[in-house]
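K.L.:
Below: one structure in structure tokens.
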Amino acid sequence: MTLSLETASTDLESGGEIDTKPQRALPILWISAATVAALVGLWSLVSLYGLVPPLFLPSPLAVLRALSGLVVTGFVDATLAQHVAASLSRIFGALGVALILGVPAGLSIGTSRWGKGILDPIVEFLRPLPPLAYLPLVIIWLGIGEASKIAVIALAMLPPIILSTASGVKSASADHINAARAFGASRWQLLLQVILPNALPSVLTGTRIALGAGWSTLVAAELVAATRGLGFMIQSAAQFLVTDIVIAGIVVIAVVAFLFEVIARLIERRLVPWADHH
């Protein structure tokens, strides 16, 4: 720092000009790509020199071959597309249930003392619980069919959506609310045309968080009497020590979850472009 100041002082004294143009920053995408490439390269070196037995860590090439085999021939009587479709149906079904229940609950918590008093303890009870804690109870109540799997995933998705919606309601502009009241807006008009649009960015953010929670719960949900699904595929491969299939399944879940995140951000920019400015 001292050297820079001395150099600048010398340039000024000699009548020179200081270069005030900012240096071109390296794009974040390139940094991320380099990080992934470095990790894959390290993985390849570990596999090449046999530092870890292939049973525990197969090479990247072996995982790619496993992925190719999953696409063409499949695993445990289903192709990769069928496993992905089964998992997506559960994720989207649970997300639909969570939105139908969570958004009204969040609106109630944010707008009503009674709603907050009744629903807040329930949300705070569910929020810290891991899915495996209430999975046996859900099975007792709903059986081992699709309903129990969707219910477990939906319960994991509910708290983020409820809390994000309530937070969005509380951040509604008082000026907008007062202006709507001055123009004679009813309670329902105020809720649907002022408060809910203001809370929409928070609802979308909560949905993104809920999708992450849903994917993390998927493996636990598909432990119960499932015949297809990415979580079921990973668990079946682990039982037979087919490590390349396990890693391939993890990679597929990560890629699909990343695509969901990208799509959710694009939808957020499309529906609520003003959120970025705030």
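K.L.:
Determine, yes or no, whether Val76 is at pLDDT 90 or above, among the β-branched types (Val, Ile, Thr) and closer than 26 Å to Thr217 by Cβ.
P.N.:
Answer is no for this residue.
K.L.:
Let me ask something else about it. Filter region 225-276 down to residues that are under 19 Å from Leu95 (Cβ atoms) and among the acidic types (Asp, Glu), then give me how many there are.
P.N.:
Here the count works out to 2.
K.L.:
So, one more: Show the residue pairs meeting these rules: Cβ distance below 7 Å; 6+ apart or different chains; first residue within region 29-44 and without any contact (Cβ under 8 Å) to a residue 40 or more places away in the chain; second residue surrounded by 11 or more Cβ atoms within 10 Å (Cβ to Cβ) and in a helix (DSSP H, G or I).
P.N.:
Correct list of pairs: Val40/Pro60; Trp43/Pro60; Ser44/Pro60.
K.L.:
If Pro128 meets every condition in (1) modelled with pLDDT of 85 or more; (2) assigned to a helix (DSSP H, G or I) apart from one, which number is that one?
P.N.:
(2)
K.L.:
Identify, please: which residue in region 235-253 is under 22 Å from the mean Cα position of the chain (by Cα) and at pLDDT 90 or above and is, among those, farthest from Ala62 (Cα to Cα)?
P.N.:
For region 235-253, the residue satisfying everything is Ile253.
K.L.:
If you don't mind, another one. Among Arg265, Arg270, which is the only one that is closer than 16 Å to Val203 by Cβ and without any contact (Cβ under 8 Å) to a residue 40 or more places away in the chain?
P.N.:
After applying the criteria, what remains is Arg270.
K.L.:
Let me ask something additional. What number of residues within region 56-104 are touching a His at 6+ places or on another chain (Cβ under 9 Å) and not aliphatic (A, V, I, L, M)?
P.N.:
Adding up the residues that qualify gives 2.
K.L.:
I've got another one for you. From the residues in region 31-87 that are more than 27 Å from the chain's Cα centre (by Cα), among the hydroxyl-bearing types (Ser, Thr, Tyr) and part of a helix (DSSP H, G or I), which one is surrounded by the fewest Cβ atoms within 10 Å (Cβ to Cβ)?
P.N.:
Ser44
K.L.:
In the set Ala179, Ala210, Ala199, which member is crowded, with 18+ Cβ neighbours inside 10 Å, of a type in the set (Gly, Ala, Ser), within 25 Å of Gly106 (Cα to Cα) and at pLDDT below 85?
P.N.:
The unique qualifying residue is Ala199.
K.L.:
Here is a follow-up. Select, from Leu241, Leu223, the only residue that is at negative phi and either assigned to a helix (DSSP H, G or I) or aliphatic (A, V, I, L, M) (or both). Please lay out each step first, then the result.
P.N.:
Working: Leu241 fails: at negative phi.
Matching residue, one of Leu241, Leu223: Leu223.
K.L.:
Leu57 fails exactly one of the following numbered conditions: (1) out of contact with any Gly (no Cβ under 9 Å at 6 or more places or on another chain); (2) in contact (Cβ under 8 Å) with a residue 12 or more places away in the chain; (3) closer than 30 Å to Ile195 by Cα. What is the number of that condition?
P.N.:
Against the list (1) out of contact with any Gly (no Cβ under 9 Å at 6 or more places or on another chain); (2) in contact (Cβ under 8 Å) with a residue 12 or more places away in the chain; (3) closer than 30 Å to Ile195 by Cα, Leu57 comes up short only on (3).
K.L.:
Something else now. Out of Glu124, Glu146, I need the residue that is of a type outside the set (Phe, Trp, Tyr) and under 28 Å from Leu88 (Cβ atoms). Which one?
P.N.:
Residue meeting the stated conditions: Glu146.
The values are calculated or read from the model by the stated rules, or taken from the named source; none is laboratory data. Values in this document were obtained by computation on a predicted structure and should not be read as measured data. As a convention, Cβ positions derive from the backbone with ideal geometry for all residues, glycine included, and neighbour counts pool all protein chains shown.
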